[in-house]
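Enquirer: Have a look at this one before I ask anything.
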Amino acid sequence: MIIEQITTVLSQTTTLLHELTASVRFVQTLTRRVVHAVSRTLADATRSSFWRDAEVGLGSTEGETGERKWIRVAPQGVFRGEKLMATDTYFPEGSPVGGHGTRILSILVGDKMQRQGAGTLTAFFGPGTLGNGSRWDTCRLGQEIAMEVEFLKTCRFDATIFGKVLVDTDSLNDQAFSLAA
């Protein structure tokens with residue numbers, strides 16, 4: 001009888017120890033996850049920069065039939081292009097839109113090729129065109145965005161790159177402070 005009671009108590013003690021071990025592991029896992037979440041929240045709260053919508057204009061360029069030109073622009077901040085919109089002043093007979101007088105051959109950000117090939121008619125980068133957006137490499141300070149354009153007809157080419165610019169909130173706070181002083 002005593003042996004049966006001892007066996008029962010030992011069995012219950014073993015079960016309790018297994019439950020406690022599982023509970024300790026659960027608490028350790030939960031603690032790790034809470035610490036990770038809190039550290040990420042604090043990092044986000046102290047972040048001093050963010051991405052904001054911006055555009056970089058490539059200006060207007062004239063060219064003669066058969067001519068190729070490189071158009072270059074150096075953004076004044078850290079910029080990541082996402083969509084190119086371009087047009088030209090050549091309207092083929094019966095077409096309500098321009099973009100048939102030039103071809104975009106290649107696009108570079110710094111020394112990294114973003115678009116390469118035989119070229120694409122500028123009409124495919126018009127305001128009503130969807131789906132030509134893709135994230136480009138980031139253009140750092142001191143780098144430039146360069147586009148090679150071939151003129152199929154004598155016309156004027158115009159382009160704008162839409163994307164994101166990195167805004168440093170610390171410098172914005174410094175500017176606000178200096179303006180207030």
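The values are calculated or read from the model by the stated rules, or taken from the named source; none is laboratory data. None of these values were measured; they are calculated from a predicted model. FYI the Cβ positions are ideal-geometry reconstructions off the backbone, even for glycines, and counts take in every protein chain you see.
Enquirer: Quick one: which residue in 134, 95 is out of contact with any helix residue (DSSP H, G or I) (no Cβ under 9 Å at 6 or more places or on another chain), in a loop (DSSP other than H, G, I, E, B) and polar (S, T, N, Q)?
Expert: Exactly one residue qualifies, and that residue is 134.
Enquirer: Let me ask you something else. Report yes if some residue within the range 37-60 is in a loop (DSSP other than H, G, I, E, B) and at pLDDT 90 or above; otherwise report no.
Expert: Kept after step one, since they are in a loop (DSSP other than H, G, I, E, B), are these residues of the range 37-60: 46-48.
Then drop every residue that is not at pLDDT 90 or above, which leaves none.
No, there is no match, as no residue in the range 37-60 is in a loop (DSSP other than H, G, I, E, B) and at pLDDT 90 or above.
Enquirer: Follow-up question, since we're still on this one. For the structure I just gave you, tell me whether residue 65 is surrounded by fewer than 13 Cβ atoms within 10 Å (Cβ to Cβ), over 16 Å from residue 163 (Cβ atoms), touching a residue at least 24 places away in the same chain (Cβ under 8 Å) and β-branched (Val, Ile, Thr). Even if it seems obvious, please write down each step before you answer.
Expert: Numbers: surrounded by fewer than 13 Cβ atoms within 10 Å (Cβ to Cβ): yes; over 16 Å from residue 163 (Cβ atoms): yes; touching a residue at least 24 places away in the same chain (Cβ under 8 Å): yes; β-branched (Val, Ile, Thr): yes.
Here the answer is yes, as residue 65 does meet what is asked.
Enquirer: Right, next: Among the numbered criteria (1) more than 15 Å from residue 122 (Cβ to Cβ); (2) modelled with pLDDT of 90 or more, which single criterion is violated by residue 102?
Expert: (1)
Enquirer: Moving on to the next point. Taking residue 173 as the residue in question, decide whether it is of a type in the set (S, T, N, Q), in a helix (DSSP H, G or I) and modelled with pLDDT under 90.
Expert: Details: of a type in the set (S, T, N, Q): yes; in a helix (DSSP H, G or I): yes; modelled with pLDDT under 90: yes.
Taking the combined requirement at face value, the residue satisfies it.
Enquirer: Still on this structure: Tally up the residues in the range 86-119 that are over 18 Å from residue 153 (Cα atoms), surrounded by fewer than 17 Cβ atoms within 10 Å (Cβ to Cβ), in contact (Cβ under 8 Å) with a residue 12 or more places away in the chain and in contact with a strand residue (DSSP E or B) (Cβ under 6 Å, 6 or more places away or on another chain), please.
Expert: 1
Enquirer: Check the range 78-90 and report whether any residue there is outside any strand (DSSP E or B) and under 18 Å from residue 56 (Cα atoms).
Expert: yes
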